[in-house]
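Accompanying notes for the structure given below.
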Amino acid sequence: MSNCNCLQEEAKREALEKVFERYAGQRGALIPLLQEAQEIYGYLPGEVLREIARRLRIPFSQVFGVATFYTQFHLKPRGRNIVRICQGTACHVRGASRVFEAVSQKLGIGRNETTPDLRYTLETVACLGACGLAPAMMVNDDTHGRLTPERAASVLEQYK
């Protein structure tokens, strides 16, 4: 098993090296580098951020600042299934907080946390644009609406 992990890590390092080669000497490469590194690793480990800073010859604080400013970047591993619960006005009025509590309890995690098995990450969002389906949540690219706390918790079963 650990041999497999070593091979996976080596493949990730090789893929990252190709990304560095592609952006070598290009100005404005920080955000694309971060995006591609996150695509490779699934998140941005600290050692990858340090390597990006070293390769671009910029302060680590600048790389870290960009990675923490944009919500598209993640510094911790995320689950295979991203659960986003809408907190917009229509969803709020129709019980989004109860839906969130039910899902949080079912998964055993809070907002912006990931289950230990890396199966689920739970997030709240300002609006999903599905106000007619309020309260609504998304799991990955699937939208689920007109939720009750019980129905929301049961929806997760199809994503095991």
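The values are calculated or read from the model by the stated rules, or taken from the named source; none is laboratory data. These numbers come from a predicted model, not from an experiment. No Cβ is skipped: glycine too gets one built from the backbone with ideal geometry, and neighbour counts run over all protein chains shown.
Quick notes
- Subset of the range 101-133 (residues that are closer than 12 Å to I85 by Cα and among the acidic types (D, E)): E101, E123
- Test for L75: is it of a type outside the set (S, T, Y), more than 30 Å from C131 (Cα to Cα), in contact with a helix residue (DSSP H, G or I) (Cβ under 7 Å, 6 or more places away or on another chain) and surrounded by 16 or more Cβ atoms within 10 Å (Cβ to Cβ): no
- Close pairs (7 angstrom Cβ cut-off, 6 or more residues apart or separate chains): over 18 Å from N140 (Cα atoms) in the range 97-120, among the hydrophobic types (A, V, I, L, M, F, W, C) and surrounded by fewer than 19 Cβ atoms within 10 Å (Cβ to Cβ) anywhere: A102/A153
- Residue among E9, E47 that is modelled with pLDDT under 95, surrounded by fewer than 16 Cβ atoms within 10 Å (Cβ to Cβ), outside the structural domain of T114 (by TED's automatic domain parsing) and out of contact with any Lys or Arg (no Cβ under 6 Å at 6 or more places or on another chain): E9
To keep it simple, each residue is scored yes or no on (1) in contact with a strand residue (DSSP E or B) (Cβ under 8 Å, 6 or more places away or on another chain); (2) under 28 Å from K160 (Cβ atoms).
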site	(1), (2)
E10	no, no
L30	no, no
L34	no, no
G42	no, yes
G46	no, no
K106	no, yes
I109	yes, yes
N112	yes, yes
